[in-house]
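Remarks on the structure that follows.
Values quoted throughout were computed directly from the atomic coordinates according to the rules given, and no laboratory measurement underlies them. Everything numeric here is computed off the predicted structure, so don't read it as measured data. Positions of Cβ are backbone-derived with ideal geometry, glycine not excepted, and every protein chain shown enters the neighbour counts.
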Amino acid sequence: MELFGLFMYLLGFLAVALIYAIGCLGVNINWGFTGLFNVGVAGFFAVGAYSTAIVTSPPSPVHLGGFDLPIPVGLVAAIVFAGAVAWVVGRICLRLRSDYLAIATVGIAEILRLVFRNFESLGGGPFGVQRVPRPFESLPQPWSEIGFIVVLAVILLLLYVLIQRAWSAPWGRVLRAIRDNEEAAAAAGKNVEAFRLQAFVLGSAIMGLFGGLFALYTKTITPNAIEPLMVTFLPWVMLIVGGSGNNKGAILGAVAIWALWTMTEILTGLLPSDWASRAAFIRVFLIGLLLQIVLQRFPGGLLPEKPPIIRAPDEKHPDRA
Amino acid sequence: MISVRNLSKHFGGIQAVRDCSVEVERGSITGLIGPNGAGKSTLFNIIAGVFPPSNGTVTLDGEDVTGLKPHELFARGLVRTFQIAHEYSSMPVIENLMVPPPNQRGETLIWSWLQWGAVRRQEAEIRDKAEDVLAFLRLTDLKYELAGNLSGGQKKLLELGRTMMTDAKVVLLDEVGAGVNRTLLGELSTDIERLNRERGYTFFVIEHDMDLIARLCDPVIVMAQGTVLTQGSMADIRANEAVIEAYLGGGVPAETGPNAGPNAGPGGASEARPS
């Protein structure tokens, strides 16, 4: 029974790590590819989570819907609505310099959180949306959990392939050029505003998917779940530690940081009870410390950005260190 | 080719360019010289669409292009280099050159997913072209080096190389020789002459190096105090007292001739202007 408990714990860990990895890929498109300082991940997460929850949950007298639609429809809704919100925000804010974009996105995330908390007929107020279905929930454990993990792994793999391809294509090259030197990219004929908007919308739509999957996994979404520490700060740390600009790094960072985060939970659980109330702060402190160490030792992250390989068919590519 | 009419630009209280009119003839290498703060770079930035003028018009090949954005001007055949090299520092040299070609299929997100084969084929063509440009600039050995690691002079060559990746009609070179050593500078001016002769590029060149100007440019336009002082061949310019006056300012009384006039303000005042 002990072993089964540990196994279930590991499965739970893996599911959340995969969900974070998906969110981290979204942050990577914004920051890693394009240099967009979007620290409003929580806002797009919230839009995605509530979209999926409202679309898939059974009808409720409290909030909008639910519409009791199939889960894939709920996830598409998360992507579409988060992308649409990002399009509106991007049209207004993307001309701002990066530090102002950061302030604007933080503000918008907070506004969205307050809207979901207070607009009861939309999001159910402080109790949020309950009874969100979860894929394979009718199966016995551990098969239910494993089924969900398989779904997550397939989505992550598909996203990775698509994003990696776009990154190594001229589309990604233009984004990197804009990130490195916006003026020179404009002088090279690229419509900087249009490309930045595309990257912002795509990245934010994936953050919406991140929220939608989270709502499915926890079977509920409440305003309290939209915690900037957990859904903005953590994905950012994951990306920086894993390797900004590198999709594999984003995934590795998500798994590594989530492992650390859950392990510190075990650690702080061993502390004397009068310390227990401080445990949450100790975890944040440890994550911050790790971020400092990684930035010192590996400025580019664990897997730094590596330009795509460009070579003639008959040419052997030299190793780039 | 480029025709600037009665252009003015002020930044707050500073009048950087005032009522300036300039013609750049097709097929020429036209030089633009003048003391610091004369308004040369402001004029360049307006032509290149970095910011709109306060007054006046710019026409390119007969079309009014005043106030167009840089990428819109690029589409009309106008490319530029920057006074301080603007490389894409975290990208390899060869990728730096692969950015400018227009109409790349893979720049559309959806085609990068759905037409991977076509994107790859086009990439191979662009790559071959980039290899040719690297050979032309003698940078082939550095093609996989990150552009941020190049020397200042090599970055300037890369800037020139980016203009060669397009079908440019007119190229604005902003101090292409600054920070480049003598040997490399000689090669650079040979390259510019070849591009002018073999590809028919029109060049408009800001330069402080008078030897380079004398070698490449005819005519030469002299700016001072935000407007055109005079223009002509380098020999004419060298003999022109007003030009000497503008460069040396009013602070050299022994040489001050009767032509000094109100144009020749003290050098210190013009230093404040953005250039």
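Values for this structure:
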quantity	calculated
Alpha carbon centroid spacing (whole Å) that separates segment A:222-244 from segment B:10-69	47
Around B:T57: net Lys/Arg minus Asp/Glu count, Cβ-Cβ under 9 Å	0
Chain A: calculated mean residue ellipticity at 222 nm from DSSP helix runs of at least 4, using -39500 (n - 2.57)	-22500 deg cm²/dmol
Peptide B:47-57, shielding by other chains (average Cβ, 10 Å cutoff)	1
Helix axis angle, B:152-164 relative to chain B longest principal axis, alpha carbon, degrees	70
Choice from A:A53, A:A250, A:A86 with maximal GNM fluctuation in chain A (Cα, 10 Å cutoff)	A:A86
Descending semi-axes in whole angstrom, ellipsoid equivalent of chain A, from the Cα gyration tensor	32, 25, 20
Chain B, relative contact order [Cα under 8 Å, separation at least 6], %	28
Other protein chain Cβ atoms within 10 Å, averaged over every residue that makes up B:77-90	4
Fraction of beta bridges assigned by DSSP in the protein assembly as shown that are antiparallel (%, nearest 5)	60
Tilt relative to chain A, helix A:98-118 - C-alpha long axis, 0 to 90 degrees, to 10	20
Rh by Kirkwood over Cα pairs, then Stokes-Einstein D for chain B at 1.306 mPa s and 10 °C, µm²/s	80
Listed residues B:E193, B:E207, B:E107, most fluctuating in chain B (Gaussian network, C-alpha, under 10 Å)	B:E107
Computed [θ] at 222 nm, deg cm²/dmol, chain B (DSSP H ≥ 4; -39,500 (n - 2.57); rounded to nearest 500)	-10500 deg cm²/dmol
Segment B:123-187-segment A:1-38 distance, computed between alpha-carbon centres (Å)	43
Over 27 Å (Cα to Cα) - which of A:K306/B:K129; A:K306/B:K169; B:K40/B:K69 fall in this group	A:K306/B:K169
Extent along principal axes [Cα atoms of segment B:90-149; Å; largest to smallest]	36, 22, 17
Euclidean distance of C-alpha centroids, segment A:80-108 and segment A:281-301, integer Å	27
Bins of 10 Å, starting at 0 and running to the largest distance - Cα pair percent for the protein assembly as shown	3, 15, 22, 20, 15, 12, 8, 4, 1, 0, 0
